[in-house]
Structures are given as structure tokens and as C-alpha cells.
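To start, the structure under review is shown below, and the notes come after it.
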Amino acid sequence: MEKPLTVLRVSLHHPTPGLAAFANVPQRLQHDTSPLLVGRGPDAHLRLELPHLSRRHLSLEPYLEKGSALLTFSLKALSRKSCVWVNGLTLRFLEQVTLSTVNRVTFSGIQMVVHIEGGTSLEAFVCCFHLSPSPLIDRPQAEETDEWEGVPQERPPPASGQQAPGHLGFLHGPSQPSPGRATETQLQREPPDSALHQPRWPPRASLG
């Protein structure tokens, strides 16, 4: 007997009426356990035509948590220029967060709400898309897509032992300290030790 698929019900909204960005959005998209890419590039599974959208802007990634027999999902930001806002967290390049049952996401002016309805199949999942004429989020973040090209960007090294999801035997969850926390990029760095021991008095003037 075939196992039921996990269903992601995805609602999309953009304030521009009659926007052509949603012209290629399917009503239903079945996908395997590899990351589902969202962007404007030709390889994006959900392709949106927006000028400020990156070719690979974000991805929805299924994985198996230890001790669980159901798929869990994370959202990873893939744009080097823009941020993605997810449930109150601002994600930058290669940061990711575990998704809950209901998730509110904004990026490049798009509002997206993702409802996850769990199934028992570990081989695929399905996305059902709905285009909403009304706003989905009452108070969207104003800065979630601000460009941050001036911020130094470093690609963090991959977590030890972490493998990309794809085949069921290699599905692993993202390495993160706790659910709902951004990972993979250190946002703040401590000053070097020398900066903590700078003298606070001027040198004495020469008496000669």
C-alpha cells in the first residue's frame, strides 16, 4: 500500500496586482527528497520572475531527524545579496532554520505562508500552491530584503559529517544548536584580545 505524501500548502502574495512573477507557478508540484529550489533561474523548481530575486534565492530541504520516521523541513537562504525573513528570524547567505507546522516567510516583496501536513512517505513530498490576492502577513519585516553587499561575506566550512540530502540513506538534519535558530554563519565576532588591553592614558610628555 502506497504511503501518503507529506503536503506543503504554500500561499503566495505580492502587492503588485497582475504580477507576471507568478505566471509559472503550478498548482501542484511533487518533488523527491532533494532540496526544492526557489528563485528566478532556469534550474529553480519554483520559478518566480522578479528582478531583485536571485537565481537561487532559497530552498526547502527535507531531512530525517534522529529517531523520527517522518520528514522534517528546513528553509535555507541562498542569496548573497538579500535576506529572507522566516518566523521572526532574518536569514542571510547559507543560514537555515527548521520549519514548524505554520511558517511565515517574506523575501523580495513576496509574502509566503507554508503549512506542513505530515505524511508517512520518505521518498517524496508535494507542494500545493495558492496565489492570494490579499496580504498574508499583518506586519511584514521592512528590511528582510535589504541588500547587504557591504557586509563581509565568508562561506562557512561545512559541518563535519554533514551530507547533502537526496538519497534516503543520506538524509540528515541541519547542524544547529536548537530548532528555530539560524546556523552556519557566525553573525558576531569577538574583538581580538589585544583590543581588550589598550592603555587608557596618554604617554607621558618628555621633560627635556
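The values are calculated or read from the model by the stated rules, or taken from the named source; none is laboratory data. None of these values were measured; they are calculated from a predicted model. So basically every Cβ, Gly included, is an ideal-geometry build from the backbone, and we count neighbours across all protein chains shown.
Results, tabulated for the structure shown:
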item: Close pairs (7 angstrom Cβ cut-off, 6 or more residues apart or separate chains): in contact (Cβ under 8 Å) with a residue 12 or more places away in the chain in region 113-124, crowded, with 16+ Cβ neighbours inside 10 Å and in a loop (DSSP other than H, G, I, E, B) anywhere; result: Val113/Leu136; Val114/Leu99; Ile116/Leu99; Gly119/Leu5; Ser121/Leu5; Glu123/Thr33; Ala124/Leu5; Ala124/Thr33
item: Scan of region 5-48 for residues that are modelled with pLDDT of 95 or more, closer than 19 Å to Thr101 by Cα and not in a strand (DSSP E or B), ordered by number; result: Leu5, Pro35
item: Residue in region 95-102 that is more than 15 Å from the chain's Cα centre (by Cα) and closer than 18 Å to Leu8 by Cβ present; result: yes
item: Region 25-55, residues that are surrounded by fewer than 18 Cβ atoms within 10 Å (Cβ to Cβ), without any contact (Cβ under 8 Å) to a residue 24 or more places away in the chain and not small (Gly, Ala, Ser); result: Pro42, Asp43, His45, Pro51, Arg55
item: Number of the condition not met by Ala124 [criteria: (1) farther than 20 Å from Leu48 by Cβ; (2) in contact with a Lys or Arg (Cβ under 9 Å, 6 or more places away or on another chain); (3) not hydroxyl-bearing (Ser, Thr, Tyr)]; result: (2)
